[in-house]
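Computed from the coordinates by the stated procedures, all read-outs in this text should not be read as laboratory data. Only a predicted model underlies this, so the values are computations on that prediction, with no experimental measurement involved. Glycine gets a Cβ as well: all are built from the backbone with ideal geometry, and neighbour counts include every protein chain shown.
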Amino acid sequence: MITESSQAASAAGVQTGALVAKLWNYCNVLRDNGLSTIEYVEQLSYLLFLKMADELTSDPFALESSDPIVPAGLDWKSLSSKRGEELEAHYRKILAELGKNPGTTLGTVFAKAQNRITEPALLERLVVELIGKTDWVLEGTDLKGDAYEGLLAKGAEDTKTGAGQYFTPRPLIDAMVQVMQPGPEDTITDPACGTAGFLIAAHSYIREHHLKGLARERRLALGQGSIWGNELVPGTARLAAMNMLLHGIGEADGESLIATGDALADSPTRRASLVLANPPFGKKSAITVVGTDGKTDREDISYDRSDFRATTTNKQLNFLQHIMSLLEMGGRAAVVLPDNVLFEGGAGEKIRRRLLQEFNLHTILRLPTGIFYAGGVKANVLFFDKKPPRADDVPNTSEVWVYDFRTGMHFTLKQRPLRPADLADFIEAYKADDRSARKETEDGRFRRFTYEDLTARDKVNLDITWLKDPALDDASSLLPPEVIAQEIVEDLQGALAEFEAIAEALGGEIKPDVVAEEVIAEA
């Protein structure tokens, strides 16, 4: 029997598919004109914002204020009424003017905006046929948001632009959000939000599980400031702001929910009850300095933060310290961090001891390689809660449960991508509703380690392995050649990162390009 709800879902699916196909059709046309996928999405963001602002301004029930979101003469009507070269010239003027609104959603979307569509005829088709013929606000957010996020995901595959470094696999995001169970009373942030995947997933979870019966004030708060993020790169912050708007988070004429800048530069002025993050990969925080002689040099950044207990140029260790400060008392965090955070000595050991002492580090999820666009990444998700100090200096961490989702797990971005079902066993073992009910699993992947176990390890090394890959002993389980080749590349890149860490500790430096040449020569 076909119900009305199933018919509606089917119709929505057809509508979504049609819009995605339409978006990709235009993307392919513009790629032939020299635009990357991310550049296309960026241009789409400008035009979508103008069209959505026009729809909201035209709807007497949509805005409390009668003031237009975009000034007259720079709005959608002024743009869509023009054609050809006049249209392109006016578009350039709009982009130049609207970026002069720092601190607002308008300013974030249009910061340093430039027109990349050099053919006026293509711009006209985009304005008139694609954006202009669709109602982007009045028909709801899910369809448009899903289509836009799909474009961002495809853009992450464009390795030449490096866009993938801002993208976390959606199945991993959803699994992290599912076990953290965000609620309507939470204040939620991501200090390195990329295109805002974690923030949108948290918002979606709250809508799905808590929207019914929620007071109007709390519903409004979900989209007006209780969820916010920070992004270093203005172009990525633009995509994040637009992504959130299309998913019903934030206001086109309101304060920007995405701050742009270096999150590590200053102590947080606002704290959150939930932090979800995947800080950017890369060993050091550094800036490029151009000397008076025209030569360039790299200088390490060390942050003058009184709330940081350890001084280091390791970017991930600094993000971990920043997230410790970001959490309010009783707050909780789920953070993707590379292996070096678990084993590095010096500042790393000091930070891990503090994490075990002052926080409850209750879970570590060891991630497989092949799921991130950044090559050679061996990463983990650390789950921890911020707790008040206990009497007699008793540590807040009594035990850490480690789930090994790496050993014997083989993924690639194309042939064998990570899927939601792959993380189902972890979600079940996590026992989000009652962590005291946890048990070690029959397959041996989930194990409990006491505080004493961990502090007895050299330098409090949390990079713990105990399983053996069955493929090493069973010839019948050999992987396809392309997967084996990819894993060899991943292992070499990961080893190189570890050699760099060792060299730095000894006061030296390893140049990746030199090492790569030597490895190839030896091979």
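Applying a DSSP loop filter and a limit of 14 other Cβ atoms within 10 Å to the GluC sites (Glu not before Pro) in the stretch 183-279 leaves Glu185.
Taking the average, over residues, of other Cβ atoms within 10 Å as the packing measure, peptides 127-134, 34-41 rank 34-41, 127-134 from highest down. Available extension along the chain between Asp307 and Asp453 is 49.7 nm, counting 0.36 nm per residue and deducting the alpha carbon span.
A simple spin-label model places the labels of Thr118 and Gln415 3.8 nm from each other, with each point 7 Å out along Cα-to-Cβ. Kindly identify the stretch 346-447 as rounded, prolate or oblate by the Cα gyration tensor criterion: order the square roots of the eigenvalues as a ≥ b ≥ c, call it rounded if a/c is under 1.5, otherwise compare a/b with b/c, prolate if a/b is larger, else oblate. Oblate, since a/c reaches 1.5 and b/c is not below a/b.
Asp443 sits among other residues whose Cβ lies under 13 Å from its own Cβ, and their net charge, with Lys and Arg +1 and Asp and Glu -1, is -1.
The share of C-alpha pairs in the stretch 171-219 whose separation exceeds 11 Å stands at 68 percent.
Stretching Val233 away from Ala424 to a fully extended chain increases their span by 65.4 nm, per 0.36 nm per residue minus the current alpha-carbon distance.
When the inverse distances between all different Cα atoms of the stretch 67-124 are averaged and flipped, the Kirkwood radius reads 11.8 angstrom. Calculate, in whole percent, how much of the Cα-Cα pair population of the stretch 295-417 lies beyond 18 Å. When all Cα pairs of the stretch 295-417 are counted, 58 percent exceed 18 Å.
All other residues whose Cβ lies under 10 angstrom from that of Lys386 are scored, Lys and Arg at +1 and Asp and Glu at -1, for a net of 0. Taking Lys and Arg as +1 and Asp and Glu as -1, the other residues whose beta-carbon sits under 10 Å from that of Leu122 total -3. Placing a pseudo-label 7 Å from each Cα along the Cα-to-Cβ vector at Arg354 and Lys439 gives an inter-label distance of 3.9 nm.
Checking every one of the GluC sites (Glu not before Pro) in the stretch 383-476 against DSSP loop status and a limit of 14 other Cβ atoms within 10 Å picks out Glu440, Glu442. Over 23 Å apart at the Cα level, from the set Lys112/Lys133; Lys154/Lys468; Lys154/Lys212; Lys22/Lys212; Lys315/Lys459, are Lys112/Lys133; Lys154/Lys468; Lys154/Lys212; Lys22/Lys212. Sorting 234-240, 69-75 by average packing, meaning the other beta carbons within 10 Å per residue, from highest down gives 234-240, 69-75. Full extension of the segment from Ala89 to Asp393, taken as 0.36 nm per residue of separation minus the current Cα-Cα distance, would add 102.8 nm.
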